[in-house]
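The next block holds one structure in the form of structure tokens; read it before the comments.
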Amino acid sequence: MGRRMAPALAAIALGLSGGVRAAADPFPVAKPESVGLSSARLERLAQVIRHDVDAGRMPGAVVAIARHGKLAYYEAFGFLDKASNAPMPKDAIFSLASMTKPMAAVATLILAEQGDLLLNDPIGSVLPELKDLRVATPNGTEPARRQPTLQDMLRHTAGVSYGNRGDSALHKLYEDRVKGGNAQTPAEFLQALTSLPLFYQPGTQWEYSYG
């Protein structure tokens, strides 16, 4: 369990209009073949992105692929701002939004592989604030039959949702109390979730969420 994963790490930032530039930190550079990658196959990736830019599916993109601690591929495509034809710089900054979810999932899986946690651990083992959750019912609330697990949180089966995914009274409460981004501190965010019931019993339904 202590063995560490050593996959190729690929960071693909899809271009969004209004991206912000920032200086990139120095990073060791290597040819793709020197770290076990193929320049020819990376060019296939570039062709697909160029095609999507030309077809108007996205304004631009920055693709960075690192392996064994070295940057093997780093290219910019398309436009930072299509309206003004401003080219996409390699050091553009993008709003990641829900792309933070797979990053958190990778970190969780690394910890699981190292034996630091189990995916079926209850959420209360790492976030005690979420230990005693309740579930909404037509007549009020009832105790959750079990705690959501880390796996439930990762796969959106914990019973949590977003306020904008419906028009029920509970959705409205979620929208009013739970804020994304920097609108709340982590402690405030957890307090808001704790104050609200789940939409479903943990593990019973899939619902895209804050999980």
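The values are calculated or read from the model by the stated rules, or taken from the named source; none is laboratory data. Just so it is clear, the structure is predicted and the values come from calculations on it, not from any experiment. For neighbour counting, all protein chains shown are included, and Cβ atoms are generated from backbone atoms with ideal geometry for every residue, glycine included. Keep in mind that these areas ignore ligands, DNA and RNA; they rest on the heavy atoms of the full protein, side chains included. Shrake-Rupley method; radii C 1.70, N 1.55, O 1.52, S 1.80 Å.
For the range 24-47, the candidate set comprises residues that are open to solvent by 60 Å² or more (accessible area, probe 1.4 Å) and within 23 Å of the chain's Cα centre (by Cα); within that set, the residue that is farthest from Phe94 (Cα to Cα) is Asp25.
Of the residues making up the range 124-138, those that are β-branched (Val, Ile, Thr) and modelled with pLDDT of 95 or more are Val135, Thr137. In the range 179-201, of all residues being in contact (Cβ under 8 Å) with a residue 24 or more places away in the chain and part of a loop (DSSP other than H, G, I, E, B), the one that is farthest from Ala144 (Cα to Cα) corresponds to Gly180. Name the single residue, out of those in the range 84-100 being open to solvent by less than 70 Å² (accessible area, probe 1.4 Å) and free of Cβ contacts under 8 Å to residues at least 40 places away in the same chain, that is nearest to Val62 (Cα to Cα). Among residues in the range 84-100 that are open to solvent by less than 70 Å² (accessible area, probe 1.4 Å) and free of Cβ contacts under 8 Å to residues at least 40 places away in the same chain, the one nearest to Val62 (Cα to Cα) is Ala86.
Filter the range 47-76 down to residues that are touching a residue at least 24 places away in the same chain (Cβ under 8 Å) and either of a type in the set (Asp, Glu) or closer than 22 Å to Val35 by Cβ (or both), then give me how many there are. Let's see the steps before the verdict.
First, the residues of the range 47-76 that are touching a residue at least 24 places away in the same chain (Cβ under 8 Å): 49-50, 53, 58-75.
Checking the rest, the ones that are also either of a type in the set (Asp, Glu) or closer than 22 Å to Val35 by Cβ (or both) come to 49, 61-75.
Of the residues in that region, 16 qualify.
With Asp176, Asp132 as the choices, which residue is out of contact with any Pro (no Cβ under 7 Å at 6 or more places or on another chain) and part of a loop (DSSP other than H, G, I, E, B)? Of Asp176, Asp132, the one residue that is out of contact with any Pro (no Cβ under 7 Å at 6 or more places or on another chain) and part of a loop (DSSP other than H, G, I, E, B) is Asp132.
Being open to solvent by less than 60 Å² (accessible area, probe 1.4 Å), more than 30 Å from Phe189 (Cα to Cα) and without any contact (Cβ under 8 Å) to a residue 60 or more places away in the chain is a property that does not hold for Ile123. Can you name every residue in the range 140-158 that is assigned to a loop (DSSP other than H, G, I, E, B) and either surrounded by 14 or more Cβ atoms within 10 Å (Cβ to Cβ) or in contact with a Phe, Trp or Tyr (Cβ under 7 Å, 6 or more places away or on another chain) (or both)? Selection gives Ala144, Gln147, Pro148, His156, Thr157, Ala158.
Got a number for residues in the range 49-68 being within 18 Å of Pro26 (Cβ to Cβ), open to solvent by 40 Å² or more (accessible area, probe 1.4 Å) and within 22 Å of the chain's Cα centre (by Cα)?
Filtering the range 49-68 down to residues within 18 Å of Pro26 (Cβ to Cβ) leaves 62, 64-68.
Cutting the leftovers down to open to solvent by 40 Å² or more (accessible area, probe 1.4 Å) gives us 67-68.
Restricting the remaining residues to those that are within 22 Å of the chain's Cα centre (by Cα) gives 67.
Number of matching residues: 1.
Please tell me if Met5 is within 30 Å of Asp116 (Cβ to Cβ), open to solvent by 90 Å² or more (accessible area, probe 1.4 Å) and modelled with pLDDT under 80. Answer is no for this residue. Quick check: is even one residue across the range 159-166 more than 29 Å from Ala112 (Cβ to Cβ) and either part of a strand (DSSP E or B) or open to solvent by 30 Å² or more (accessible area, probe 1.4 Å) (or both)? Yes, the range 159-166 has at least one match.
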